[in-house]
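The values are calculated or read from the model by the stated rules, or taken from the named source; none is laboratory data. Since we're looking at a predicted model, the values are computed, not measured. Quick reminder, even Gly has a Cβ in these numbers, built from the backbone with ideal geometry, and neighbours come from all protein chains shown.
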Amino acid sequence: MNDKKWIITGVVVFLLIVLFPFWYNRGKAVPPPEVKLTDKAKAAKECVMSKDYIRAEHMRLLDLWRESVVRQGDRVYTNPKGKEFVMSLSNTCLDCHSNKAEFCDKCHNYASVRPYCWDCHIEPPKEKS
Amino acid sequence: MLELAIKGSKRYYGWMAVLLGLAGIGFLVYLKQLDFGLGITGMNRDVTWGFYIANFTFLVGVAAGGVMVVLPYYLHDYKAYGKVTILGEFLAIASVVMCITFILVDLGQPMRVMNVLLYPTPNSVLFWDTIVLNGYLFLNLIIGWNVLEAERQGVHYQSWLKPLIYISIPWAVSIHTVTAYLYCGLPGRGFWLTAILAPRFLSSAFASGPALLILLCLVIRRVTNYDPGWKQIQSLAVTVAYAICINVFFLLCEVFVAFYSQIPEHMDHLKYLFVGLHGHGAYVPWMWASMTLMVIGIILLVNPVTRKNELTLIAACLCVFFGCWIDKGLGMISGGFVPNPLHEVNEYIPTPLEGLITIGVYALGFFVLSILFKIAVSVKEEVRA
Amino acid sequence: MDTSRRRILQLLGLSAAALAAPPVFNALAKEAAAPAAEPKIGPGNEALKAKQWAMVIDTRKFKSEADVEPLVEACHTIHNVPHFDFKRWEIKWLWATEYQHAFSGTTSTRFIPDAVAHRPFLVLCNHCENPPCVRACPTQATFKRESDGIVMMDFHRCIGCRFCMAACPFGARSFNYRDPRPFIKETNQRFPTRMKGVVEKCSFCVERLAEGKMPACVEASGGKLTFGDLFDEGSEVRKLIQTNFTIRRKVNLGTEPSVYYIV
């Protein structure tokens, strides 16, 4: 077996490449981000759904909203608590959470998630806090 | 068998390097297109399909042309074609790869292409086109690979391949019919709304596919030790002769219908292509070149003296191939879109960047073709040794 | 290797149990987290309803470009339609053209009064009852809404193949050949833009209909345009069609356009 040295070298190089994120970033763990709520959001006390549900499932909720508004023509969402919302990302969600850079982007950047919603759905102007 | 493609002469490596280089350039320009949008092409609000789709349409024909060797051999026991069926099947694979790539580079949102399968839409011809094209690709891959492998081992190919081979014959016809149906069912496009579009696609396919196959066989004769056979090439040439005659005949039928009926909507598209309309006539020299090439092709192929002479045969095949490419490619696409549904003329001319991406896709296709042909020829050389 | 029948059956049984375990576990776990009430989805109270929205354009009331411009401005402004100087990338949802172009193939301008030959005719998506663009779309990104007959665009699903543009017999659709945002003159914050690579067209202002308002062009026209339910005998549009001579574009193609022109 005179290929032994090539095989071992190959395995070592492979491990180096595959484990790159771990050994390169050792000791540089970043804590999860703190998101800032706007005054309007704080005053509203609760989002469309409960905080835990929204945190985990907001994309699924947005998908449901999108299907309902675009494909069914229904625009009003009544949450389990009976509160009504117009199903709109820019006009409802971002109406309260108008500080996208300090709210949405904080977690998205941390998790390296790049939703392309913003290619079309208008972000609130940056001047608002 | 893939290992046969990795070893070759210096000329082979050089050829592959050039192809990879061209494909690489095409890829880089495609990245620019992904970033900027399809605006880097010459397409406009009226002509929304251009060079990419033109080449796609033409290449579906070349892929279907492979059936012209498969059918006689497997269905009618024309044993002579045994030397070239694999080449026809491999040419089909490379062509379909190019077709699919052309469609992908033409999409405005290519990352969403899986939506076609996630939301199946049986009323859309594009949905069926996706199915039949991919099906044909897999059919030819499975059939070609296994038949070649069996030949290499000196055994008969597995019996379960026979039904697949039989299916591949009408399937070849279907891929081009479905592609024609993309066009000929659209109510607003008078130039395409004709029952003869699908037959015309098939006739030009059976002319241009085997024409390219002849040229490739002659190249193989020249650069390898394998001879596909002069008798086989001559049979193919007869096929091309008949097919190109039928294609030109169909074209003349279209001209008659449009101009004898004197219906403006039917005449306008042909007028735009062949004499210009409202001062726009960029395609006129191309269309006449295409007609000239096809007629020269007919003369050289129908006449037995020129058909049997290798040089004139090469010229004839090139004429047929490029004549069909112009007529069925941009000629058909632009002719359908101009004038637009409001009878306005907005011409489409491909841009250089568009051309680079197109060359890149062709390079990729020929790369795949070269690998497959290298394998096939190496096996044939091996077996004959 | 011990490959007896017993071994194989044991392995199969173990695999089956392993595959069945997660769903059973999940089903049991779900019972604990049952939601309080189900959320509801519906149209708003002000939403306008119709079986098939249609428009009647009284072309006699349009004398010149000046009559048309405010309508096009209204539409293109509130929908963030970009403006390109470079004609190849032009996007238009609503525009005016001459009689011979609007009704090309079905009419001629020979010997007709000058006033008609030079009158601006508004053209837009006809929201056909039998739309060829919907037949063509491979992903149902463009579809005919069952609720109100509007031929809608779902920009999230569109793959940008432009088959719908080839299929439309009226040239009503536009494609985003590049990112439209730099070319929007005045962004309407309350309505999204589109991104490059998708097809767009008039939507009969669905977002305004949902709030009980008439489409922007109808509102801006001051009575020249009428909008209503084609299948409601008592609607304004039906009355106009019954009392005036109206024509539609390319009726011979059988697409049943919903935009009627009083000439």
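List of remarks:
- No other residue among B:VAL67, B:VAL96 is surrounded by 21 or more Cβ atoms within 10 Å (Cβ to Cβ) and within 20 Å of B:THR239 (Cβ to Cβ) apart from B:VAL67.
- Being more than 8 Å from every other protein chain (Cβ to nearest Cβ) and either over 18 Å from C:PRO131 (Cβ atoms) or charged (D, E, K, R) (or both) is a description that applies to C:ILE184.
- Options B:PHE259, B:PHE274: the member that is in contact with a Leu (Cβ under 8 Å, 6 or more places away or on another chain), without any contact (Cβ under 8 Å) to a residue 24 or more places away in the chain and of a type in the set (Phe, Trp, Tyr): B:PHE259
Table: residues versus (1) at pLDDT below 90; (2) of a type outside the set (A, V, I, L, M, F, W, C).
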| site | (1), (2) |
| --- | --- |
| C:SER15 | no, yes |
| C:LYS30 | yes, yes |
| C:GLY42 | yes, yes |
| C:LEU48 | no, no |
| C:PHE62 | no, no |
| C:PHE84 | no, no |
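- Condition broken by A:GLU84, with the remaining ones in (1) loosely packed, with under 11 Cβ neighbours inside 10 Å; (2) within 13 Å of another protein chain (Cβ to nearest Cβ) satisfied: (1)
- Selection from the stretch C:221-234 of residues that are more than 19 Å from C:LEU124 (Cβ to Cβ) and either without any contact (Cβ under 8 Å) to a residue 12 or more places away in the chain or of a type in the set (Asp, Glu) (or both): C:ASP232, C:GLU233, C:GLY234
- Scope the stretch B:82-124; condition at the interface with chain C (Cβ under 7 Å from one of its Cβ atoms) and in contact (Cβ under 8 Å) with a residue 60 or more places away in the chain; matching residues: B:GLY108
- Here B:VAL29 passes the criteria (1) assigned to a loop (DSSP other than H, G, I, E, B); (2) β-branched (Val, Ile, Thr); (3) more than 30 Å from B:VAL178 (Cα to Cα) except the one numbered (1).
- Within the stretch B:186-205, the residues that satisfy the criterion of being closer than 28 Å to B:PHE321 by Cβ, within 14 Å of chain C (Cβ to nearest Cβ) and assigned to a loop (DSSP other than H, G, I, E, B) are B:LEU186, B:ARG189, B:PHE191, B:TRP192, B:LEU193.
- Of all residues in the stretch B:106-120, those being under 26 Å from B:SER370 (Cα atoms) and surrounded by fewer than 24 Cβ atoms within 10 Å (Cβ to Cβ) number 0.
- Qualifying positions in the stretch B:122-152 - under 17 Å from the mean Cα position of the chain (by Cα) and either farther than 17 Å from B:GLY185 by Cα or among the hydroxyl-bearing types (Ser, Thr, Tyr) (or both): B:THR130, B:VAL132, B:LEU133, B:ASN134, B:GLY135, B:TYR136, B:LEU137, B:ASN140
- Here is the figure for the stretch B:85-123: residues that are polar (S, T, N, Q) and part of a helix (DSSP H, G or I) total 4.
- Per-region count, the stretch C:136-148, residues modelled with pLDDT of 95 or more and either acidic (Asp, Glu) or surrounded by fewer than 23 Cβ atoms within 10 Å (Cβ to Cβ) (or both): 3
- Restricting attention to the stretch A:39-75, the residues that are surrounded by 14 or more Cβ atoms within 10 Å (Cβ to Cβ), more than 12 Å from chain C (Cβ to nearest Cβ) and assigned to a loop (DSSP other than H, G, I, E, B) add up to 1.
- Search result, residues across the stretch C:187-205 that are facing another protein chain (nearest Cβ under 7 Å) and either free of Cβ contacts under 8 Å to residues at least 40 places away in the same chain or touching a helix residue (DSSP H, G or I) at 6+ places or on another chain (Cβ under 9 Å) (or both): C:THR187, C:GLN189, C:ARG190, C:PRO192, C:THR193, C:ARG194, C:MET195, C:LYS196, C:GLY197
- Checked against (1) at pLDDT 95 or above; (2) buried (at least 22 other Cβ atoms within 10 Å of the Cβ), B:SER168 meets all criteria but (1).
- When residues of the stretch A:90-129 are limited to those that are acidic (Asp, Glu) and in contact (Cβ under 8 Å) with a residue 12 or more places away in the chain, the one farthest from A:LYS42 (Cα to Cα): A:GLU123
- Against the conditions (1) surrounded by 15 or more Cβ atoms within 10 Å (Cβ to Cβ); (2) among the β-branched types (Val, Ile, Thr); (3) over 25 Å from C:GLU200 (Cα atoms), A:VAL113 satisfies every one except (1).
- Matching residues, the stretch C:139-198, being under 17 Å from A:CYS117 (Cα atoms) and among the hydrophobic types (A, V, I, L, M, F, W, C): C:ALA141, C:MET153, C:PHE155, C:CYS158, C:ILE159, C:PHE191, C:MET195, C:VAL198
- All helices (runs of 4 or more DSSP H) inside the stretch B:310-385 with 2 or more residues being at pLDDT below 95 and farther than 25 Å from B:TRP286 by Cβ: B:352-384
- Helices (runs of 4 or more DSSP H) (entirely within the stretch C:142-256) containing at least 1 residues that are in contact with a Phe, Trp or Tyr (Cβ under 8 Å, 6 or more places away or on another chain) and under 22 Å from C:LEU48 (Cβ atoms): C:206-209, C:216-221, C:236-243
- Of all residues in the stretch C:150-167, those satisfying the criterion of being facing chain B (nearest Cβ under 7 Å) and free of Cβ contacts under 8 Å to residues at least 40 places away in the same chain are C:ARG157, C:ILE159, C:GLY160, C:CYS161, C:ARG162, C:PHE163, C:MET165, C:ALA166, C:ALA167.
- Test: residue in the stretch C:240-262 that is at pLDDT 95 or above, within 30 Å of B:GLY37 (Cα to Cα), within 14 Å of chain B (Cβ to nearest Cβ) and buried (at least 21 other Cβ atoms within 10 Å of the Cβ): no
- Condition check for A:THR78 on (1) without any contact (Cβ under 8 Å) to a residue 12 or more places away in the chain; (2) out of contact with any Lys or Arg (no Cβ under 9 Å at 6 or more places or on another chain); (3) over 21 Å from C:HIS156 (Cβ atoms): one failure, at (2).
- Of residues in the stretch A:76-121 being in a loop (DSSP other than H, G, I, E, B) and of a type in the set (Ser, Thr, Tyr), the one nearest to the chain's Cα centre (by Cα): A:SER112
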